[in-house]
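Visitor: Submitted below is the structure of interest, expressed as structure tokens.
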Amino acid sequence: MFEQAFKNIDNILRTDSGCGTELDYVEQTSWILFLKYLDDLEEDKKKSATLSGKSYEYILAPEYRWNTWACPKSRDGKLDHNKALDGDDLKDFVNNNLFPYLKKFKAEDPNTIEYKIGEIFSELKNKISSGYKLREILNVVDDMHFRLYEEKHELSHLYEAKIKNMGNAGRNGGEYYTPRPLIKTIVKVVDPKVGDTIYDGACGSAGFLVEAYKYLTENQSKLSSGQTAILQNKTFYGKEIKSLAYIIGIMNMILHGVEAPNIRHMNTLAGNINDIQEKDRFDIILANLPFGAGIGREIQQNFPVKTGETAFLFLQHFIKILKAGGRAGIVIKNTFLSNTDNASVSLRKLLLENCNLHTVLDLPGGAFQGAGVKTVVLFFEKGTPTKKVWFYQLNLTRNLGKGQPLNENDLAEFVELQKTKAESENSWSIDVKDIDQSTFDLSVKNPTKSNGVILREPKEILEEMRRLDKDSKNILEKITKFL
């Protein structure tokens, strides 16, 4: 129904001077889709109220509703060209009237539409420089609808494809997209149930929350009305600091069936983790930890282990906010397992003493497009210390890349072996009591790969470099004698 419409929108944006990247295409498409979704939602609520003999009070003022400014209709249901704004008039209205109006919406409860409107438009800007091109896009989106399941289902797949394209659009895009086969695998292993509260404090495009929702709905023969209400309102929670990621996450969840996603637009790390109370905790945590140095001292003061590494602060937050008995599946750089700096050692000790780190999945390079780092997935339960860790090293016969991405079949053996923590050519277990108790080093060293490359000690490498330098000097001296 809508595949060609999405292509048409992209083609229009490519010819607009204000939009230059896939990130821009998704961002601009998203705010327009959101306003069309909001219009459909309001009309559905109005019909429901009318059928119940009640009146309905619109969220938006009349002049800011879709059918007034975006696509006003004539009596025959077609676009009224006499009323529809175009060119500079449309652009000026959007920039000077519509966006300032929408930014003023404020609400404390992230589960409300009012909260989402204010947060989505608080920092976003209309980047479509041509009012005529904006008119073309509005006309295309006007034919999209969010009312039937089939409509939402197709839109969700198309939107997911746009997010994936954005994720492949260089290093910055990658932070918005975790490979879906990996997310699905993590969700399978953690195995959330209806009634669990599921949290991602760095939710980005909400891939983990979306896949958890699909897992819970597709693995139930039939959900009761009560269970459906729980999934809609009391299951999925997220936080996201970036405006672009926030609106993408909201739209992604809406299109996949969660009508009012409980996602806050905020800096997760800004809160002191000592202020987290039992009522704030969650049953399940699913996340891909953002990485990078440069966190200021004022933020570091919120955590017992002071560090400028973003991922390490998020890990502390997640351990603290997980309920006793709660389960987690978290993606983190593989260097976390072996770094010898004080923060890394302290965090490994904290994790092993407070949680049962039962599984570590070691991923090959290239699993994340454009990220340039190797990662591992930590699976743990909070409440009991770790006694034994089961490792699985994903060894593939091909190099992962844009043309050969990670798929679910690649991870099928891991999922099966993980159920019993079985040992194999790619999996093994270690007792925590046998690791170095001063560094808590958890390096991935597969004992079955005896024919692997043995890495030499730095001292040995330096000695060989000196010998080679000496040999080179001698050779040069001999050549010089012949000149």
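Visitor: Return the total of residues in region 206-243 being among the hydroxyl-bearing types (Ser, Thr, Tyr), over 18 Å from residue 284 (Cα atoms) and under 20 Å from the mean Cα position of the chain (by Cα).
Guide: 1
Visitor: On to the next question. Which count do you get for residues in region 201-212 that are within 14 Å of residue 234 (Cα to Cα) and touching a Gly at 6+ places or on another chain (Cβ under 7 Å)?
Guide: 1
Visitor: Further question: Checking the conditions here, which among 39, 89 is of a type in the set (Asp, Glu) and under 15 Å from residue 144 (Cα atoms)?
Guide: Residue meeting the stated conditions: 39.
Residues are listed down the side, and each one gets a yes or a no for (1) within 30 Å of residue 335 (Cβ to Cβ); (2) within 13 Å of the chain's Cα centre (by Cα):
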| site | (1), (2) |
| --- | --- |
| 245 | yes, yes |
| 256 | no, no |
| 263 | yes, yes |
| 268 | yes, no |
| 288 | yes, yes |
| 292 | yes, no |
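Visitor: In a loop (DSSP other than H, G, I, E, B) and modelled with pLDDT of 95 or more - does that describe any residue in region 396-407?
Guide: No, region 396-407 has no match at all.
Visitor: Can you give me the number of residues within region 274-302 that are at pLDDT 95 or above, hydrophobic (A, V, I, L, M, F, W, C) and surrounded by 16 or more Cβ atoms within 10 Å (Cβ to Cβ)?
Guide: So the count comes out to 5.
Visitor: Evaluate the following for residue 44: is it in contact (Cβ under 8 Å) with a residue 24 or more places away in the chain, among the acidic types (Asp, Glu) and not in a helix (DSSP H, G or I)?
Guide: No: the conditions fail for residue 44.
Let's see how each residue does on (1) among the β-branched types (Val, Ile, Thr); (2) under 22 Å from residue 155 (Cβ atoms); (3) touching a helix residue (DSSP H, G or I) at 6+ places or on another chain (Cβ under 9 Å):
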position: 183; (1), (2), (3): yes, yes, yes
position: 190; (1), (2), (3): yes, no, yes
position: 194; (1), (2), (3): yes, no, yes
position: 202; (1), (2), (3): no, no, yes
position: 208; (1), (2), (3): no, yes, yes
position: 213; (1), (2), (3): no, yes, yes
position: 221; (1), (2), (3): no, no, no
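Visitor: Scan region 374-413 for residues that are within 21 Å of residue 330 (Cβ to Cβ), of a type in the set (A, V, I, L, M) and loosely packed, with under 14 Cβ neighbours inside 10 Å and report the count.
Guide: Of the residues in region 374-413, 0 are within 21 Å of residue 330 (Cβ to Cβ), of a type in the set (A, V, I, L, M) and loosely packed, with under 14 Cβ neighbours inside 10 Å.
Visitor: Turning to a different aspect of this structure: Condition test on residue 361, is it among the aliphatic types (A, V, I, L, M), closer than 21 Å to residue 180 by Cα and modelled with pLDDT of 95 or more?
Guide: So residue 361 passes the test.
Visitor: Exactly one of these conditions fails for residue 359: (1) surrounded by fewer than 17 Cβ atoms within 10 Å (Cβ to Cβ); (2) within 30 Å of residue 404 (Cα to Cα); (3) in contact (Cβ under 8 Å) with a residue 40 or more places away in the chain. Give me its number.
Guide: (1) is the only condition that residue 359 fails.
Visitor: State all residues of region 292-330 that are closer than 16 Å to residue 352 by Cα and among the polar types (S, T, N, Q); if no residue qualifies, say none.
Guide: If the condition is that a residue be closer than 16 Å to residue 352 by Cα and among the polar types (S, T, N, Q), then 316 is the only one that fits.
Visitor: Let me ask something additional. Write out, first by first residue and then by second, each pair whose Cβ atoms fall under 6 Å of each other, whose residues are 6+ apart or on separate chains, and whose first residue, in region 227-241, is under 14 Å from residue 253 (Cβ atoms) while the second is among the charged types (D, E, K, R) and not in a helix (DSSP H, G or I).
Guide: Within 6 Å, the pairs are 238/200; 239/264.
Visitor: Take the conditions touching a helix residue (DSSP H, G or I) at 6+ places or on another chain (Cβ under 7 Å) and closer than 27 Å to residue 249 by Cα and apply them to residue 379. Does it pass?
Guide: When the stated conditions are applied, residue 379 passes them.
Visitor: A follow-up question, please. For region 309-367, which residues satisfy the criterion of being part of a loop (DSSP other than H, G, I, E, B) and on the phi > 0 side of the Ramachandran plot?
Guide: Selection gives 366 alone.
Visitor: While we're looking at this one, here's another question. If you go through region 242-275 one residue at a time, how many are without any contact (Cβ under 8 Å) to a residue 60 or more places away in the chain and β-branched (Val, Ile, Thr)?
Guide: Counting residues in region 242-275 that are without any contact (Cβ under 8 Å) to a residue 60 or more places away in the chain and β-branched (Val, Ile, Thr) gives 2.
Visitor: Could you tell me whether any residue of region 132-151 is over 14 Å from residue 30 (Cα atoms), among the basic types (Lys, Arg) and assigned to a loop (DSSP other than H, G, I, E, B)?
Guide: yes
Visitor: Turning to a different aspect of this structure: Condition first: out of contact with any helix residue (DSSP H, G or I) (no Cβ under 7 Å at 6 or more places or on another chain) and under 20 Å from residue 251 (Cα atoms). Can you find one or more residues in region 95-103 that meet it?
Guide: Yes - at least one qualifying residue is present in region 95-103.
Visitor: Looking only at region 74-82, decide whether some residue is touching a residue at least 12 places away in the same chain (Cβ under 8 Å) and not charged (D, E, K, R).
Guide: Within region 74-82 (the criterion being touching a residue at least 12 places away in the same chain (Cβ under 8 Å) and not charged (D, E, K, R)), the answer is yes, since at least one residue qualifies.
Visitor: So, residue 185, is that one at pLDDT 95 or above, buried (at least 21 other Cβ atoms within 10 Å of the Cβ) and among the polar types (S, T, N, Q) or not?
Guide: yes
Visitor: Quick one: is residue 254 buried (at least 23 other Cβ atoms within 10 Å of the Cβ), in contact with a helix residue (DSSP H, G or I) (Cβ under 7 Å, 6 or more places away or on another chain) and closer than 15 Å to residue 118 by Cα?
Guide: So residue 254 does not fit the description; no.
Visitor: A follow-up question, please. Select the helices (runs of 4 or more DSSP H) contained entirely in region 51-130, then report the ones holding at least 2 residues which are modelled with pLDDT under 95 and under 29 Å from residue 23 (Cβ atoms).
Guide: Correct list: 113-120.
The values are calculated or read from the model by the stated rules, or taken from the named source; none is laboratory data. All of these numbers come straight from a predicted model, not from anything done at the bench. Reconstructed Cβ throughout: ideal geometry from the backbone, glycine too, with neighbour counts over all protein chains shown.
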